[in-house]
Amino acid sequence: MPLKDRMALIDCCHPQLSIAAQCKMYSIHRSNVYYRPIGESQENLAIMRVLDEQYMNTPFYGVLRLRILLRELGYQVNEKRIRRLMRVVGWKTVYCKPRTTRPNPVALKYPYLLTGLKVTRPNHVWEIDITYVPMKDGFMYLCAVIDMYSRFVVGWGVNNQMTAEWCIDIVQSAVDTYGKPEILNSDQGSQFTADAYTKKVKGQGVRISMDGKGRAIDNIFIERLWRTVKYEHLYRLKYDNVLALLKGLRRFFLFYNEQRFHQSLDYKTPIEIYTGINKPQPLRGATLAKSTTVSADEILSGISNYSHTHCQSPNVS
């Protein structure tokens, strides 16, 4: 049994067995039970924010160029530290790689099903992905599911860990609300290749598609969503707690789905394309509704409330 599963069996409040006895029973060192990870330093958080913003401009930068960039900004960091922080924020350098290795035939992978496929209707293809979200005193992870045809965000959630169970909850919530897609595309991250995730998706009658290794453009629509969310929202606001982050993202995704015009959609909104219903045209000289204007103060304070939502966000663990 994996260590993670054995750790879950430890009951610190057991009336008869001490923690030492339970550790001996499950072959676990007691330090694993008492250990509490130390959070990132303020300097590391600042560097991670720089990396997250820089990736949108220069995704082809590697460790050496990033070291020069960070030193110009006043951060004295070595390559080992940069590599670790790059892994935390999910930096995947874009470059041509020689095919010197072969995939493990035992590993669970699925083919990329979107090559040459014409997506012609809502719920034909969904895409799912996870991105890093910088905060004032830490960071979180954001997962979203987008309808490829309409760019409509059918589900999203925030968590401090990237787990398969978290992704399953978001997909299930989206399916319960909008119905199931024919194909669900993702990258080859461990969350999306986990048995629990693939069995749940296939159990819904949904075909699984996965990007090729190192092929970020295979999931291009949700990658473009991340750029929009970060440049138009997250980088303008510095959230200091999870509740404010949830409120702000809920407001933004409502704006994104219902009010933001998309050039690729002939300047229509995703909800118009997804539902096939055009928004009523306002009368000439009519003023904009209050809900179309969202200020940073309203987002941070949560003053404005919506009576409905098209996005699902599970509880933050």
| said: Let me spell out the model: positive unit charges on the Cβ of Lys and Arg, negative unit charges on the Cβ of Asp and Glu, origin at the Cα centre of segment 125-264. What dipole size does that give, in debye rounded to 20? | reply: 300 debye
| request: Nearest 5 is fine: what % of DSSP beta bridges in segment 125-264 come out antiparallel, could you say? | output: 70 percent
| field | Sorted by Cβ neighbour density within 10 Å, fewest at the top, the residues 93, 131, 228 | value | 228, 93, 131
| With Cβ to Cβ distances under 14 Å as the rule, what net charge do the other residues near residue 70 carry (K, R +1; D, E -1)? | +3
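For a footprinting-style exposure proxy, rank 80, 268, 118 by other Cβ within 10 Å, fewest first.
Ranking 80, 268, 118 by Cβ neighbours within 10 Å, fewest first, gives 118, 80, 268.
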| message | Out of all DSSP beta bridges in segment 125-208, what portion is antiparallel? Express it as a percent rounded to 5. | response | 75 percent
| said: I want to make sure I understand the PRE zone here: with the label point 7 angstrom from the Cα of residue 112 toward its beta carbon, which residues in segment 55-88 have backbone N atoms less than 15 Å away? | reply: none
| query | For 48, 25, what ranking results if the residue with the fewest other Cβ atoms within 10 Å of its Cβ goes first? | reply | 25, 48
| task | Just name one of 160, 186, 243: the one whose Cα is farthest towards the positive end of the charge dipole of segment 125-264 (beta-carbon charges, Lys/Arg +1, Asp/Glu -1). | result | 243
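Distance cut-off 24 Å, Cα to Cα: go down the list 136/247; 24/80; 92/268; 4/180; 109/200 and report the pairs above it.
24/80; 92/268; 4/180
The numbers here are math on the coordinates, done by the rules we state, and not lab data. Source: prediction; values computed, not measured. Here the Cβ is made from the backbone with ideal geometry for all residues, glycine too, and neighbour counts use every protein chain on show.
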